[in-house]
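A.B. asks: The structure that follows is given in the form of structure tokens.
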Amino acid sequence: MDAPDDSKDETADPAQAGGDPKDDAGDPVARHRGTIDRLDRDLIRLLAERLQAARAIGDHRSRNKDAALRDDDRERRLFEAWAREAEDRGISAYFAGRVLREVLNWSRRDQERFLGGAAPGSAAARSARIGYQGVPACYSDLAIGKIFATREVARLERVGFRGFAAVIDAMESGEIDYALLPIENTIAGSINEVYDLLGHRPVTIVGEEVWEVEHCLLGLPGARLEELRVVRSHPVALQQCAKFLDRLVGVTSESFHDTAGAAQAVAREGVPSVAAIASEDAAREYGLVVLKRDISDQPVNLTRFLLIGREAEPFDARRPAKTSLVFSVNHRRGALLECLKCFDAQGINLTKLESRPQANAPWEYQFYLDFEGHVTEPGAVAALQEIRAHTNHLKVLGSYPRRIESDRERQALDPAHAGGRLRASAVAGSVARETPAGAAGAPASEAAATGGVAASEPPANPALRLTGLKSGAPRSRVDVSGVEFGGVRFVLAIGPCAVESRQQMMESAELVKRHGAAIMRGGAFKPRTSPYAFQGLGFAGLDLLVEAGRAYELPVVTEVLHPEDVERIGASADMLQVGARNMQNFALLKEVGRARRPVLLKRGLSATIEELLLAAEYVMSGGNHRVVLCERGIRTFETATRNTLDISAVPVLKERTHLPVIVDPSHAAGRRSLVIPLALAAAAAGADGLIIEAHPHPDDARCDKEQALTDEDLATLVAALRPILAAQGRHL
Ligand code: PEP
Ligand code: MN
């Protein structure tokens, strides 16, 4: 509503305003201005009275859960009445409509304070610290004022940070309660760094806000456009005003880390030939003046911001919701299309789909998707349940009140769309959502999972929300750099217990490849019972494993012992193994749950099958869907074998979970002579593959030499496996 110059008073018609134009005595402009001032005060008073009435309605609606939040029919009638009255009084119906739209928008927002977010009286309602990137009066700071205007917060403290990651760090450390970060701009596109942070950090989206960016050229008081030499701003702002800047002869642009920061620097340095591009608010904040308003090349320049919190915040089910998620698809033809179909089948409207490359996986993409609706609505629950069959990784970033009207909502108020006239009851009926009381504090991804169960028959343990096998749902196939577990191919992962040297690894890879294995194993970090035993070569060993794997085109699997190593090992290994001793290392499970690599999860020495599944649930609920389970023998009273291979675990797991199941006969047996019979038993029992230790020179092995298969053993094993697999319609 900014006027381009200072002429707004002169355009007012004193006759309409109720002044007395006949009396020309004294200064007529001053007199008319007096009239305008009085009318403006009346306008404010009337607006306040109108808002009070709207609040009373909001209060009523918050108590009556059946009432619709919006009455589109009534709003249309209001617009029509305003248009008629405006024209009768000789003012533009368009102008009157714009004013009414603002008033209605604000009333609606104001009513939200009755409809959830922080409960009145809660800690969040008393005070909140909110972080943003930039300095006071930057666009993020302004958007904070807008989004918190209708949140029940008594005291708001704003903390500016230099970068986006620093804001999220402060959230994680508890220094701030919320973060408001920009996610996309209608001219510049997505802010990828923020997307990447959302994908990897344990935070959730709790709100969105849209800010209309109105770039102004700001200078020192007394500065003149003709005398400018330098214009500073954020590179995106400079780019958005490129045409305007091109017309300023002899002026150079200078990049600055943010718009308001540029204004601050101009004020601090006090050089009249230096100006900044920032908001009008920044001019007020730093004592600058607006040299030129509305200098953006594009008339519409909107930035969408996300309000980020530590946990999901419940809100009234009648408020239109939006959900954001990030996922990656497995490498099968049509996988993305299948994902999109899952939403379409539930009649869910997608509002955004964007792909981003993944740092450690060239030419594989992550998709950022927004849809209309809450993650707990039955349709969303069903869609997310189905989509899992096609995704490698999925994280719900949050469900939150939607700020951007849907097409349907816009059309309902647009007289040009008579057919779009909707009854209020139809709008209310489309939101058949109840916010479950128990889900109030649940992280978003867990909330998604909760609903997953309701769609079909409940699994034995209700906590097996993601790992449990649902009737009619397909079994998962887990892709490991092109090798698929759970398909018709029976996967052999073979290699030495430990990585010992370059030569040992090259010879191992040759051996493994020659016998038709699909994957090579090798431990770089070894969990040894005795502290004096060989502990593995560590990251140097990882490099040797990866090098040998590349040389023979074999994806590699290796064990990770510490949560802090997950990212580094995941950067080069194709699959992360969580060993038996770590099956209930929950910190490690959570970390591999965040990783973008498939996980081989081995059953603990004394773990029940249910505990194994719950461990897998940790990984899946972290967002990582690529989990392969491994039975590797359990502790019993029997001492004839290293462990007792629980062969029944294979069919039991197949009954309970959709995840692929493989068997490690090496660590179960502990002796070479037992490995082949146990391996054959596993295949016959329906396992999806085997992980087996072999060594080019077993006598020299530094670890588990008694159970390492030789070249001849591998030949015997493969020959004996073939007929068993053929009988099942499988192959190597
Ligand atoms: C291994 O596979 O190298 C290993 C140590 O196995 P587990 O964790 O099953 O003992
Ligand atoms: Mn071993």
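The values are calculated or read from the model by the stated rules, or taken from the named source; none is laboratory data. Keep in mind that what you see is a predicted model, and the values were worked out from it rather than measured. Glycine also receives a Cβ, built like all others from the backbone with ideal geometry; neighbour counts cover every protein chain displayed. Keep in mind that these areas ignore ligands, DNA and RNA; they rest on the heavy atoms of the full protein, side chains included. Shrake-Rupley method; radii C 1.70, N 1.55, O 1.52, S 1.80 Å.
A.B. asks: Assuming R0 = 51 Å, what is the FRET efficiency of Phe586 and Arg41, from their Cβ-Cβ distance, to the nearest 0.05?
C.D. replies: Result of the calculation: an efficiency of 0.25.
A.B. asks: In terms of modelled amide H atoms, which long-range or inter-chain residues lie less than 5 Å from the amide H of Glu364?
C.D. replies: Gln358
A.B. asks: If one takes the longest principal axis of the Cα atoms in the chain, at what angle in degrees, from 0 to 90 and to the nearest 10, does the Cα axis of helix 711-727 lie?
C.D. replies: Taking the Cα atoms of the chain, the angle to 711-727 is about 70 degrees.
A.B. asks: At 222 nm, what helix-only mean residue ellipticity would the chain give, in deg cm²/dmol to the nearest 500, using -39500 (n - 2.57) for each DSSP H run of four or more?
C.D. replies: -11500 deg cm²/dmol
A.B. asks: With a cut-off of 8 Å between alpha carbons and a minimum separation of six or more residues, what is the relative contact order of region 588-629 in percent?
C.D. replies: After rounding, I find 57 percent.
A.B. asks: For the Cα atoms of the chain, what angle does the longest principal axis make with the long axis of helix 164-173, in degrees from 0 to 90, nearest 10?
C.D. replies: 70 degrees
A.B. asks: Extension gain Asp344-Ser673, at 0.36 nm per residue separation less the Cα-Cα distance, in nm?
C.D. replies: 112.9 nm
A.B. asks: Kindly report the accessible area of region 528-653 per residue (heavy atoms of protein chains, probe 1.4 Å, no ligands, DNA or RNA), in Å².
C.D. replies: Counting only protein heavy atoms, the per-residue value for region 528-653 is 40 Å².
A.B. asks: If you don't mind, another one. Search the structure for amide H atoms under 5 Å from the amide H of Lys322, placed 1.01 Å from N in the peptide plane, and list their residues when 5 or more places away or on another chain.
C.D. replies: Residues meeting the criterion, in which the H sits 1.01 Å from N, are Gly373, Tyr400, Arg402.
A.B. asks: Assign one of three labels to region 129-206, namely rounded, prolate or oblate, based on the Cα gyration tensor with a ≥ b ≥ c the square roots of its eigenvalues; rounded applies when a/c is under 1.5, prolate when it is not and a/b is larger than b/c, and oblate otherwise.
C.D. replies: The shape class here is oblate.
A.B. asks: As I understand it, the value is the acute angle between the Cα axis of helix 335-345 and the longest principal axis of the Cα atoms of the chain; what does it come to in degrees, rounded to 10?
C.D. replies: Orientation of helix 335-345: about 60 degrees from the principal axis.
A.B. asks: Where both partners of a DSSP beta bridge lie in region 170-307, what percent of those bridges are antiparallel, to the nearest 5?
C.D. replies: Here the share of antiparallel DSSP bridges comes out near 75 percent.
A.B. asks: Measure off 7 Å from each Cα along the Cα-to-Cβ vector at Leu78 and Glu638, then give the distance between these two points in nanometres to one decimal.
C.D. replies: According to this spin-label approximation, the distance is 7.6 nm.
A.B. asks: Still on this model: Looking at the chain, what % of its DSSP beta bridges pair antiparallel, to the nearest 5?
C.D. replies: 55 percent
A.B. asks: If the cut-off is 30 Å between C-alpha atoms, which lysines fall inside it for Lys470, apart from same-chain ones fewer than 8 positions away?
C.D. replies: Within the straight-line limit of under 30 Å, Lys470 reaches these lysines: Lys322, Lys341, Lys352, Lys395, Lys590, Lys602, Lys654.
A.B. asks: So what is the relative contact order for the chain, in percent, with contacts set as C-alpha pairs under 8 Å and at least six apart?
C.D. replies: Here the relative contact order equals 9 percent.
A.B. asks: Same structure, new question: What's the magnitude of the charge dipole for the chain around its Cα centre, counting Lys and Arg as +1 and Asp and Glu as -1 at the beta-carbon? Answer in Debye, nearest 20.
C.D. replies: I would put it at about 1680 debye.
A.B. asks: Can you grab the distance from the C-alpha centre of region 502-550 to the C-alpha centre of region 650-690, Å, no decimals?
C.D. replies: That distance is 22 Å.
A.B. asks: Provide the convex hull volume over Cα atoms per residue for region 267-307, in Å³.
C.D. replies: 107 Å³
A.B. asks: So in the chain, which Cys have no other cysteine's beta-carbon sitting under 4.7 angstrom from theirs?
C.D. replies: Cys with no partner Cβ under 4.7 Å: Cys138, Cys216, Cys241, Cys339, Cys342, Cys630.
A.B. asks: Could you tell me the convex hull volume per residue, in Å³, taken over the Cα atoms of the chain?
C.D. replies: Considering the Cα atoms of the chain, their hull volume per residue is 199 Å³.
A.B. asks: Take every Cα pair under 8 Å in region 285-383 that's 6+ residues apart, average their separations, divide by the length, and report that relative contact order as a whole percent.
C.D. replies: 29 percent
A.B. asks: For a protection proxy built on the mean count of beta-carbon atoms within 10 angstrom, sort 373-383, 92-102 highest first, please.
C.D. replies: Going by the mean number of other Cβ atoms within 10 Å, highest first, we get 373-383, 92-102.
A.B. asks: So how strong a dipole does region 35-97 carry about its Cα centre when Lys and Arg Cβ are +1 and Asp and Glu Cβ are -1, to the nearest 20 debye?
C.D. replies: 300 debye
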